[in-house]
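Presented below is the structure to which this report refers.
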Amino acid sequence: MAYRVGCISLGCEKNRVDAEMMMASLERVNPEQMMALGRQAGHIVTGDPEGADVAVLNTCGFIESAKQESIEEILELAKLKEEGRIKAIVVTGCLAERYQQEIAKELPEVNAVVGIGANKEIARIVREALEGKRIETFPPKCELPLEGERVQSTPSYFSYLKIAEGCDNHCTYCAIPLIRGGYRSRKMEDILAEAEKLAQWGVKELMVIAQDTTRYGEDLYGEGKLPQLLTELCKVERLRWIRVLYCYPERITDELLEVMAKEDKILKYMDLPLQHCSRQVLRAMNRQGDRESLSALIRKIREKVPGIVLRTTFMVGFPGETEEAFEELAEFAKEMRFERMGCFAYSQEEGTPAARLPDQISREIKEHRQELMMEQQMALMDEMSREMVGKTITVLNEGWDRYAECCFGRSAADAPEIDTKVFFTVEGKKPYPGMFVQVEITDTMDCDLIGQVVTT
């Protein structure tokens, strides 16, 4: 019997890819599974648990806010189960991996709590949960599949390409190595085959992701292979944009910058989470660099890749961050003029070295520093947005905004869900989602750009 499965994925894009692979395994049961499950041909998978037989929740457990979101979602599903609108709940992902016994003990409404290594068995787990079995299984993290079919959950014109799993950086504030295990690169030929398939599906923009994309290949090939991988990805004919996320500053090589500058398909956009610039704070984080070296790196990147858009992430309120260290960070961010920036208040995560450090900072101070950083950045981005007025840029159309009564999309400077948008009008026939258009910028609004199509 085929069941209706509602799949929900929370957290980062890496988690989304895992969920897409689980959805594919639920939809397409292989011959071995067919024999084990009888005449089942595969389940009907939807992104909405309403009306489903079972809900599969792929959780995030990275920081406190993400954990809270995951717990709230479990409780919402529990209400649906109590009302008889779903029959079973399966919880997987980072929260399940991190808090194995706690979830099973505190949330008895959940039928199955399974670690990320069990994702490959999700079809069997769903079936057994619906049979009334209570399941708790946590295979080794390294059993999380790196390869497999996917059900694309993003709009048809863009997708994420995960090139590695896990992390070996061991930043003191981060629980990812505890949750996901060590760094595992995928074979380059497998990545390229997947990119070809995504392009055949209609994907035009590919986001290259990992916990640290710049480490790619070190474990497999003995040296970093990201430049070579990007060069090969550029040969995939149907792809137009390739965006690189989650680069680690110590691994930005001249070779990588040369490839980014040379290849037209690689967007002049780099996501470079720096976290801080104070030497003292960075060492406490188990990260390298200081204000001087990071400033030199930023100048080098901009020199070698003219016109590049730099996105970074900072963390404020780390244990021991003095007022002087925070001021240094604020001055650094202002001086470097990052085109895109996110700022997060430090989250004290149990099991991490930073959680045991002295001089923990109050929530009020952390949130105040975060607010100051973002106010500064928004003022800078507003200034940069105004400088775009009168220019014509390429925009990837994403659809129609019924409130603004115009089309909207993204430029090469904007990654999905985290960056700004471009709102634009067009005379005559509207462009379809995934179509590239030329937009003349005429105004700005809250750092978003406003314009009109000049050619299609």
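Listing for the model above:
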| item | result |
| --- | --- |
| One residue from K268, K300, K334 being assigned to a strand (DSSP E or B), surrounded by fewer than 21 Cβ atoms within 10 Å (Cβ to Cβ) and in the same structural domain as E205 (by TED's automatic domain parsing) | K268 |
| Cβ pairs under 9 Å, 6+ apart, first in the stretch 442-456 and under 19 Å from P416 (Cβ atoms), second assigned to a strand (DSSP E or B) and β-branched (V, I, T) | D448/V422; L449/I393; L449/V395; L449/V422; L449/V439; L449/I441; L449/T442 |
| Selection status of A104, surrounded by fewer than 21 Cβ atoms within 10 Å (Cβ to Cβ), part of a helix (DSSP H, G or I), of a type in the set (A, V, I, L, M) and out of contact with any Leu (no Cβ under 6 Å at 6 or more places or on another chain) | yes |
| All positions within the stretch 304-331 that are polar (S, T, N, Q) and assigned to a loop (DSSP other than H, G, I, E, B) | T322 |
| Conditions (1) farther than 21 Å from P306 by Cα; (2) buried (at least 16 other Cβ atoms within 10 Å of the Cβ); (3) not hydroxyl-bearing (S, T, Y); number of the one not met by L256 | (1) |
| Pair list, Cβ < 8 Å and 6+ apart or interchain, from the stretch 241-257 residues that are part of a strand (DSSP E or B) to residues that are polar (S, T, N, Q) | V244/T213 |
| Which numbered condition V56 fails, given (1) at pLDDT below 95; (2) part of a strand (DSSP E or B) | (1) |
| Residue in the stretch 269-291 that is free of Cβ contacts under 8 Å to residues at least 40 places away in the same chain, under 23 Å from the mean Cα position of the chain (by Cα) and farther than 21 Å from K334 by Cα present | no |
| Qualifying residue in the stretch 352-375 (condition: assigned to a loop (DSSP other than H, G, I, E, B) and either within 23 Å of the chain's Cα centre (by Cα) or under 30 Å from M260 (Cβ atoms) (or both)) | yes |
| Which listed residue is outside any helix (DSSP H, G or I), among the small types (G, A, S) and either assigned by TED's automatic domain parsing to the domain that holds K262 or buried (at least 21 other Cβ atoms within 10 Å of the Cβ) (or both), from S295, S347 | S347 |
| Members of the stretch 107-122 that are surrounded by 21 or more Cβ atoms within 10 Å (Cβ to Cβ) and either among the hydrophobic types (A, V, I, L, M, F, W, C) or out of contact with any Phe, Trp or Tyr (no Cβ under 9 Å at 6 or more places or on another chain) (or both) | V110, N111, A112, V113, V114, I116, A118, N119, I122 |
| Long-range neighbours under 9 Å by Cβ, at least six apart or interchain, first residue among the β-branched types (V, I, T) within the stretch 410-429, second in a loop (DSSP other than H, G, I, E, B) | T420/A413; T420/D414; T420/D446; T420/C447; V422/D414; T425/E405; V426/T456 |
| Residue check for L198: farther than 24 Å from L294 by Cα and in contact with a Lys or Arg (Cβ under 7 Å, 6 or more places away or on another chain) | no |
| Selection status of E405, of a type in the set (D, E, K, R) and within 19 Å of V309 (Cα to Cα) | no |
| The stretch 118-132 residues that are free of Cβ contacts under 8 Å to residues at least 24 places away in the same chain, paired with ones that are in a helix (DSSP H, G or I) (beta carbon under 9 Å, 6 or more apart) | E121/S25 |
| Among (1) outside any strand (DSSP E or B); (2) in contact with a strand residue (DSSP E or B) (Cβ under 6 Å, 6 or more places away or on another chain); (3) of a type outside the set (S, T, N, Q) - the single one V395 does not satisfy | (1) |
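The values are calculated or read from the model by the stated rules, or taken from the named source; none is laboratory data. None of the values given here were measured: they were computed from a predicted structure. Cβ sites come from the backbone with ideal geometry, for glycine too, and all protein chains shown count toward neighbours.
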